[in-house]
Amino acid sequence: MGEIDEGPAIAAPPDTGVMPEGSRCGFVALAGRANVGKSTLMNRLVGAKVSIVSEVPQTTRFPVRGVLHRPGLQVVFIDTPGIHKPRYRMNEEMVRLATRVLREVDLVAALVDASEGFGPGDRFVFDLLRQARSRNLLVLNKVDLTAKENLLPLIDEASRTGLFEEIVPVSALTGENSDRLQAVIAATMPAGPPHFPEDMLTDLPQRQAIAELIREQVFQQTRQEVPHSTAVIIDLVEPAEGGLIRIHATIIADKESQKGILIGEGGRMMKGIGTSARHQLEEYLGSRVHLSLWVKVKRAWRDDRELLRLIGLPVS
Ligand SMILES: Nc1nc2c(ncn2[C@@H]2O[C@H](COP(=O)(O)OP(=O)(O)OP(=O)(O)O)[C@@H](O)[C@H]2O)c(=O)[nH]1
Ligand SMILES: [Mg+2]
């Protein structure tokens, strides 16, 4: 007693062989093809914006953890990159990381877009689940976009795969039925002490979260190939006079023509991205932000290991 214990930041529970009574904690992967609403659902379940969202497929580039805290229960959700056919090393890594997560969790919540039905991309995900031998739920997302009777054939086909313990229709966008999904997930969590401290919603490092919020605006405001061929690097985050936080970031583009689009006529696109990103960053950091953005061209960066590591994709 009285001595400072320099143990790990997240202390392990005392090894008494006895769990705190009724305490449960587990890891749940949100998986599926790109754009089905995995990140939207994670933010809904965690009750905070942890992972970025856009209309553009392949928004999420690495697994992002978000933590749900309830009395006696902690659920660590892992939002994964959408499963897709990779054309660049970056995309190979995205799919590799998402696939690996399936084997590392207590439960996989596989998502499909119920308004589109099952396609080859979804069936490919089902095959991955079979290979991973994971425990799975199926989430039929985007039910706000489809009539209830369209769900029955999907439920029927999904049941016949034998892969899913439960099939839950939800709308991540409106929140419809997300309470029921949360209850179903909670019921499957194993006994165990909480993994993260009570006030921790994500373990994403701050610089990476800042880069993600800027990238979200690039994804929301540009079209076609431009978002996919763009990365964000944080050059500086520092406190400045008047309680401001100064942030310098570089948007990397693949080609000169994309740099032109990112800057826009008279700098209009850059201004739009910068203003919206600054609002998001101010909300996230709880402080006024001075944001300076630059655009640089780095050809074939999506095949460049060093750059991929810099943006948080651990290349194998
Ligand atoms: N109408 C409707 N739209 C949704 C719902 N869930 C997500 N979306 C929209 O679908 C789009 C994709 O959502 P994301 O959460 O980024 O999808 P994702 O599966 O994480 O996509 P990737 O990261 O690219 O794999 C966004 O425009 C969302 O607003 C839903 O329940 N209903
Ligand atoms: Mg996503």
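Readers should treat all values here as calculations from the given coordinates under stated rules, not as data from a laboratory. The structure displayed is predicted, hence computed values, not measured ones. When we count neighbours, we look across all protein chains shown, and the Cβ atoms used for this are built from the backbone with ideal geometry, even at glycine.
Straight-line reach from Lys38: taking Cα to Cα under 20 Å and skipping same-chain neighbours fewer than 8 places apart, the lysines in range are Lys49, Lys85, Lys142.
Both radii come from the Cα set of the range 206-310: Rg as radius of gyration, Rh as Kirkwood radius; their ratio Rg/Rh reads 0.97. Simple spin-label estimate for Lys85 and Thr275 gives 4.0 nm between the two label positions (7 Å along the Cα-to-Cβ direction from each Cα).
Please give me the summed charge of the neighbours of Phe62: other residues whose Cβ is under 15 Å from its Cβ, Lys and Arg +1, Asp and Glu -1.
+4
Comparing Pro153, Pro86, Pro57 in a Gaussian network model of the chain, where Cα atoms under 10 Å apart are tied by springs, the biggest mean-square fluctuation is seen for Pro153. Annotation for Arg133 and Leu236: the two label points, set 7 Å from Cα along the Cα-Cβ direction, are 5.4 nm apart. Looking at the chain, the pairs of alpha carbons with a distance over 25 Å make up 54% of the total.
So what is the calculated 222 nm ellipticity per residue for the chain, using -39500 (n - 2.57) for each DSSP H run with n of 4 or more, over all residues, to the nearest 500 deg cm²/dmol?
-11000 deg cm²/dmol
Spin-label model, Lys296 to Glu176: label points 7 Å out along the Cα-to-beta-carbon direction sit 4.7 nm apart.
Note that the range 24-188 carries a Kirkwood radius of 15.6 Å, evaluated over its alpha carbons pair by pair.
Its relative contact order, with pairs defined as Cα atoms under 8 Å and 6+ residues apart, puts the range 174-316 at 22 percent.
Within 12 Å, Cβ to Cβ, of Gly175, how many net charges do the neighbouring residues add up to if Lys/Arg are +1 and Asp/Glu are -1? Here the count lands on -1. A protection proxy built from the mean count of other Cβ atoms within 10 Å ranks the segments 155-161, 144-150, 42-48, most packed first, as 42-48, 155-161, 144-150.
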